[in-house]
Amino acid sequence: MPLPISTPPYRVLCVVGARPNFMKIAPILAALGRRAAFTPQLVHTGQHYDAAMNEQYFTSLGLPRPDLNLEVGSASHAAQTAQVMLRFEAAMEQLDPHAVLVVGDVNSTLACALVARKKLVPVIHVEAGLRSGDRDMPEEINRVLTDQLADLLFTTEPDCAANLLREGIDGRRIAFVGNVMIDTLRSNLPRAVAARQIAHDAGRAGLADGAHGYALLTLHRPSNVDHADTLAPLLRTVAAISARTPVLFPIHPRTLAAIERLGLRHLIDLPSILALPPMGYLEMLGLMRDARVVLTDSGGVQEETTALGVPCITLRDNTERPITISEGTNALAGTDPARIMALYEDLLRDGGKAGRVPVFWDGLASERIADHLLEWLGNGCRLPASAG
Ligand code: UD1
């Protein structure tokens, strides 16, 4: 690609689209903002638009108002991706960035990377190289393709580089910097809202401070929530767990819609289950920190529980974040009720995996990114002579 001949300050256009992007971009914007050599820009594609999925994150994370909101909203994958592409192309023309920085694996990540690359603007992917090996997962397609498009790839764990090299990516483009989401977790932990406060505010104070603690549940993967033959057994298993350990369940809009559509309300309308709306960042942090165990199909929550040292049972057959299993507190249960119950029983008996916090999940990943990026842009985006 032609090298951009430019001098600082570098306009780095950072993209957010959906909830899991917000806590990743916040520390990056802050780290760029601390360096005079950068002029950070922020575009929100509007993939997530509900106040509960959006504003409360912007407020609690202290995110600046986006320079532009593309307001794409929900649609099929093709329509959503296409709308982001169309509107992001116009946004790039308006903001004229030197580089585009995308995080994670949502549809907005891929759409914006594709537009930027074809406009010959360098693409930086933060959280590159994660692979579940499951190509039926929309996020896996987004990860593989975004990494192919990226000029600079920042990784969260050592395995990621091997995944990228296997896919033919030049090792000189890859930098292991650690986990920006954990930067946000560490800096916000002192402000986390206690779970007993959340249960109290919901009028169910007793649920969060019983002798056995509580289990926190999050569910939103289409493969888990869209069909009754998966969702109903999962919710029945949760109901069985709640007979021993109360369950706090902040419900994603997709999941709530599925529960209503499939007529499964009765499975969560129980005295031992507290259904909650989608939580803000500080509330979710408190709910994870204070939980006895977390049951989830989220990627980010697997990492956050590992950073917090809280046992996690993942309701998926695979994970793109294997370090949470090899080093952290995570265990894969899949969706088989017997396996979920067995892991839960083990946990009640022995307290769950102790785990340790992975290397570079130390609160400084964004600083490493900003330093690396400055050097790279200053070198006209040239790669070093040998892999480093
Ligand atoms: C998206 C990401 C997923 C991420 C998740 C976090 C992709 C392919 N998926 O999935 O990786 O883990 O965000 O939440 O990009 N909805 C609302 N209000 C909103 C947003 C969504 O009501 O603000 C409802 C709509 O009915 C929508 C559905 O949720 O159709 C799904 O939203 P969508 O953005 O398509 O994907 P998520 O399932 O949220």
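Only the coordinates and a few stated rules stand behind these numbers; no lab work does. The shown structure was predicted, so the numbers you read here are calculated from the model rather than taken from an experiment. Every residue, glycine as well, gets a Cβ built from its backbone with ideal geometry; the counts of neighbours run over all protein chains shown.
Key figures for this structure:
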| read-out | value |
| --- | --- |
| Share of alpha-carbon pairs per 5 Å distance bin for segment 138-195, given as whole % | 4, 16, 22, 20, 12, 9, 9, 6, 2, 0 |
| Distance between modelled label sites at ASN379 and ARG65, nm, 7 Å Cα→Cβ extension | 3.9 |
| Amide proton proximity set for THR218, modelled H, under 5 Å, gap of 5+ | LEU295, THR296, ASP297 |
| Radius ratio Rg over Rh of segment 126-230, counting only Cα atoms, Kirkwood formula for Rh | 1.13 |
| Spin-label model distance (nm) - LEU145 vs ALA52, 7 Å beyond Cα toward Cβ | 3.0 |
| Segment 227-314, Rg to Rh (Cα coordinates; Rh as Kirkwood inverse mean 1/r) | 0.95 |
| Segment 155-166 - phi-based ³J(HN,Hα) in whole Hz, Karplus 6.51/-1.76/1.60, Gly and Pro as x | 10, 9, 8, x, 4, 4, 4, 4, 4, 6, 4, 4 |
| Karplus (6.51, -1.76, 1.60) ³J(HN,Hα), θ = phi - 60°, over segment 227-240, in Hz, Gly and Pro reported as x | 10, 4, 5, 9, 5, 5, x, 4, 5, 5, 5, 4, 4, 5 |
| Listed peptides 21-34, 57-70 by packing density, highest first (mean Cβ within 10 Å) | 21-34, 57-70 |
| Sequence ranges 75-86, 178-189, ranked by mean other-Cβ count within 10 angstrom, highest first | 178-189, 75-86 |
| Förster radius 30 Å - calculated FRET efficiency between ASP371 and ASN318 (Cβ-Cβ, nearest 0.05) | 0.35 |
| Centre separation in Å (Cα based) which lies between segment 135-150 and segment 5-50 | 21 |
| Estimated FRET transfer efficiency (ALA342, GLU167; beta-carbon r; R0 30 Å; 0.05) | 0.25 |
| Where only C-alpha atoms are counted, convex hull volume of the chain per residue in Å³ | 125 |
| For CYS14, distant residues with modelled amide H under 5 Å away | GLN41, LEU42, VAL43, LEU101 |
| Extended-chain gain in nm, criterion 0.36 nm per residue less alpha-carbon gap, ARG265 and ASP134 | 44.1 nm |
| Using a Förster distance of 22 Å, the FRET efficiency for HIS200-ALA257 (Cβ separation, nearest 0.05) | 0.20 |
| Listed peptides 155-162, 47-54 by packing density, highest first (mean Cβ within 10 Å) | 155-162, 47-54 |
| Charged-residue dipole, Cβ positions (Lys, Arg, Asp, Glu), the chain about Cα centre, Debye nearest 20 | 300 |
| Computed over segment 193-350, the ratio Rg/Rh where both radii use C-alpha atoms and Rh is Kirkwood | 0.92 |
| Structure-based [θ]222 nm, the chain - -39500 (n - 2.57) summed over DSSP H runs of at least 4, per residue, nearest 500 | -13000 deg cm²/dmol |
| Nearest-ten-degree value, helix 337-350 long axis tilted from longest Cα axis of the chain | 80 |
